[in-house]
Amino acid sequence: MVRVLIADDHRLFAEALEAILATDKRIEVAGHARDGSEAIALFEAVKPDIVLMDIAMPVMDGLEAARKIRELDPTACILMLTGSNAREDVDRARRAGAAGYVTKDRIAAELIDAILEVAAR
Amino acid sequence: MRILLVSQMYPGPDDPDLGVFVAQMERALADLGHHVDRAVLDRRAGGKRRYLELARRVRAAPRPDVVYAHFLVPAGLIAALGQRAPLVLTAHGRDVRNVGAIPGVGPATRLAVRRASSVVAVSDYLRRELEAKVPEARGKTEVVSSGVDLERFPLLARADGPAPAFVCVGSLTPRKNVLRLARAFRTLGDGTLTFVGDGPLRERLAGDGIRVTGRVPHDEIPRYLAPADVVCQPSLIEPLGQALLEALACGRSVVATRIGGPPEFVTPEAGVLVDPLDEASIADGLRLAAELGTPNPEARAAAEPHDLRLQAGRIEAILRRAAEGAR
């Protein structure tokens, strides 16, 4: 079972994403953070296998949160959720230590495979 | 085509009136020879946990050629995240009104719309509202009404009964403006007014020539229209006006709100458009519409462009374009 922490400030999106992930028996949603700071706290509390991290969030953005989580645990697996596959977003995600990224409009096609692939590394 | 129909509203045993417009379009698409699988919710009860069930049904469905989802959020969002096939969304009204009114709906709607190949709005009024609130919908939104089944809602002879007989079909809620309609009717001092529906305002309506039937299965609506002269829907806002289309199809003149979709199909010969905030305007509308005659062939003519089969043909073309665009 791959335990996933969702970090996204859009409640409806996060709830819908959780509902979709809950349909896959190989995945368990371990928590939901509404900003980067909460994502760090929840990461330490629930120790997920993977963090799904939105880039644009209040209080602390996803890139900063990813960097801090990787400082706390260099083996942490983070998948960034981006609004687009703009080169700049992808480069920033990689520099922040993300293992990969999925654009939000490709979630149905790619997210579960990406979670399982990153978890298996 | 293999179509996956996704909707948070669909008629079920406990709620036979829920999303009847979705079910009728499903039947019309099946009649055109398409295989339609269904991931729907067919009851009002159940709270947010229902959406987990909807997500499960979306994910468990056989892979379709195209996903046809009704309501932008949550059903459209769940369809966008849960199925990888091309997606066509239909906006019905409240889903668009919720953008900007309920926190989080805006970003969720924008994501679902971005993911969609096409968006259908049930009226041009709704298309304009959607495109103003969700720029991602611009250039991919088409107007197709939910349609009216002209066979199930035939031109009806006037059944015996008191005249003028006014009928209002719909939920008894503030948006439907039923209290103002009742007050306007009372100023006429003549005729009857029947509310076919149920809702929180029910207790404040009955009496003085006004009757409330409670909720009625969709198939039985023509039986309540037969003894009517005029069907009234002076709602504060009506994105399309499904009950008006059904009344027009039966040859009943209408009193309709001028806010929303009704001005797009209520001709002067078929009915009267009123200011929903003005009781005198509604009362004048009732008087004028009662003079249009029953049955009113011009009313039927106003409904005919919205024939369900015509609308299903247009939806079929949109779905096919989305499905073929993915190949």
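Numerical summary
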| quantity | calculated |
| --- | --- |
| Full-extension gain in nm, B:Asp37 to B:Asp14, via 0.36 nm per residue minus C-alpha separation | 6.2 nm |
| Part-to-part distance (alpha-carbon centres) for region B:35-83 and region A:70-85, which is given in Å | 30 |
| Alpha-carbon gyration tensor eigenvalues x 5, square-rooted, for region B:256-327, Å | 35, 16, 6 |
| Surrounding net charge for B:Leu292, when Lys and Arg each add one and Asp and Glu each subtract one, Cβ distance under 11 Å | -2 |
| For A:Val51, distant residues with modelled amide H under 5 Å away | A:Leu5, A:Cys77, A:Ile78, A:Leu79 |
| Extreme residue, positive dipole direction of chain B, given options B:Phe195, B:Pro276, B:Met9 (C-beta unit charges) | B:Met9 |
| The protein assembly as shown - Kirkwood radius from inverse mean 1/r over Cα pairs (Å) | 23.6 |
| Net lengthening on full extension, B:Arg314/B:Ala163 (0.36 nm per residue, minus Cα-Cα) | 50.4 nm |
| At most 16 other Cβ within 10 Å, DSSP loop - GluC sites (Glu not before Pro), region A:62-121 | none |
| Largest to smallest accessible area among B:Lys133, B:Lys48, B:Lys176 [probe 1.4 Å] | B:Lys48, B:Lys133, B:Lys176 |
| Filter on B:Lys48/B:Lys133; A:Lys68/B:Lys133; A:Lys25/B:Lys133; A:Lys47/A:Lys104 - keep pairs with C-alpha separation over 27 Å | A:Lys68/B:Lys133; A:Lys25/B:Lys133 |
| Dipole axis of the protein assembly as shown (+1 Lys, Arg; -1 Asp, Glu on Cβ), positive-most option in B:Val255, A:Ile6, B:Gly325 | A:Ile6 |
| Nearest-20 debye value, chain A charge dipole, Cβ charges on Lys, Arg, Asp, Glu | 280 |
| Residue (of B:Leu81, B:Pro62, A:Leu111) at the positive-pole extreme of the protein assembly as shown, dipole from beta-carbon charges | A:Leu111 |
| Mean ellipticity per residue at 222 nm, deg cm²/dmol - from DSSP H runs of n ≥ 4 across chain B, formula -39500 (n - 2.57) | -10500 deg cm²/dmol |
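The values are calculated or read from the model by the stated rules, or taken from the named source; none is laboratory data. What you see is a predicted model, and the numbers here were worked out from it, not measured in a lab. Virtual Cβ from ideal backbone geometry, glycine too; neighbours counted across all protein chains shown. Heads up: the accessible areas ignore ligands, DNA and RNA and are worked out on the full protein's heavy atoms, side chains in. Shrake-Rupley method; radii C 1.70, N 1.55, O 1.52, S 1.80 Å.
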